[in-house]
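Heads up: the structure comes next, in structure tokens.
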Amino acid sequence: MSKLLKLYDVRASTFYDAQARGECEHDKYSELRLQVRDKHALSYGSAGQRMLIELLKSEEISTTRYMMRKIMREEGLVSKQRRKKPYPKGGDTSLIAPNLLTSQFDVTSINRWWSGDITYVWTQQGWVYLAVVIDLMSRRVIAHEVSSSPNSQLTAAVFNRAFESRGQPQNVVFHSDQGCQYSSAEFQHCLKNKGVKQSMSRRGNCWDNAPTERFFGSYKSERMPKLGYENIDDALADINHYIDYYYNCVRPHTANNGLPPIEAEYHAVPTTMKVN
């Protein structure tokens, strides 16, 4: 080796420094690939390039779209994407409550605008129904309940849970679709007793409640088994883990500039007003 270095007029120290740097860069790249695999697995195979970059950024690891694309190709990683569905954009307003939200989803205050909806989940023991309440400021799911019946008892129960968990806030507006679970006398009474204003989407217009629809879409494409759960207990455990851990605490959200909902709330709310 020394003869070759002399032949090409290269100092030994220069050669070995370059060799060490090459090994170091290789180690860094290998570590980055490992981190990308871990984050992709954490997202249950749903994360694409942008989400993986945000997940790495939360651990102070930076990379580029080019590098991420290269690693995903080398590792054989793909993002599970749900198909977009065409939805009608018209629809009549509700006689129960006006559309106070009017698709203004850029909310700046916590506990000001909440939204809710119900979706169905299949298990080998039959259908169950997941109801959620979301704070539109952070997109955090502040309460969720699962029931065998998609009725007003379910929507009232999940709203009561949300209201208590947030310390019984004042001046809340709750937005939903015009489903009978939200237009029932029982649910209207639930909101009225708490001083909560009710807002409803135009009939048949899912865009008026887009953040909640998007949450359900994310859950179904990222986590829910294509053939459903084996039993109700498995469904409950998986839903709880997805919402309480992954969605609220880990998953980057574009509406929060890449922050998970709980972290977005932490940065937005004064210390004296922190919520659980």
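Any read-out appearing in this document is the output of simple, stated calculations on the displayed coordinates, not a laboratory observation. As the structure is a computational prediction, the values presented were derived from the model and not from experiment. Cβ: placed from backbone, ideal geometry, glycine included. Neighbour counts: every protein chain shown.
Taking a label point 7 Å from the Cα of K80 along the Cα→Cβ vector, which residues of the stretch 96-132 have an amide N closer than 20 Å to it? Output list for this probe position: 119-131. Here r is the Cβ-Cβ distance between A210 and V250 and R0 is 22 Å; the resulting FRET efficiency, rounded to 0.05, is 0.50. Note on Y245, Y229: ascending count of other Cβ atoms within 10 Å places them as Y245, Y229, the fewest first.
Legend: calculated FRET efficiency, H267 to N193, from the Cβ-Cβ distance at R0 = 45 Å, rounded to 0.05, equals 0.85.
Using R₀ = 30 Å, calculate the FRET efficiency as 1/(1 + (r/R₀)^6) where r is the Cβ-Cβ separation of S62 and D106; round to 0.05.
Numbers: r = 27 Å, r/R0 = 0.91.
The computed FRET efficiency comes out at 0.65.
Each residue, N257 and E31, gets one label point 7 Å from its Cα in the Cβ direction; the gap between the two is 2.8 nm. Label-to-label distance, K226 versus W122, with points set 7 angstrom from Cα along the beta-carbon direction: 1.2 nm. Rounded to the nearest 5, the antiparallel percentage of DSSP beta bridges internal to the stretch 113-273 is 70%.
Using alpha-carbon positions, what is the distance between the centroids of the stretch 185-218 and the stretch 92-135, in Å? Measuring centre to centre over Cα atoms gives 4 Å.
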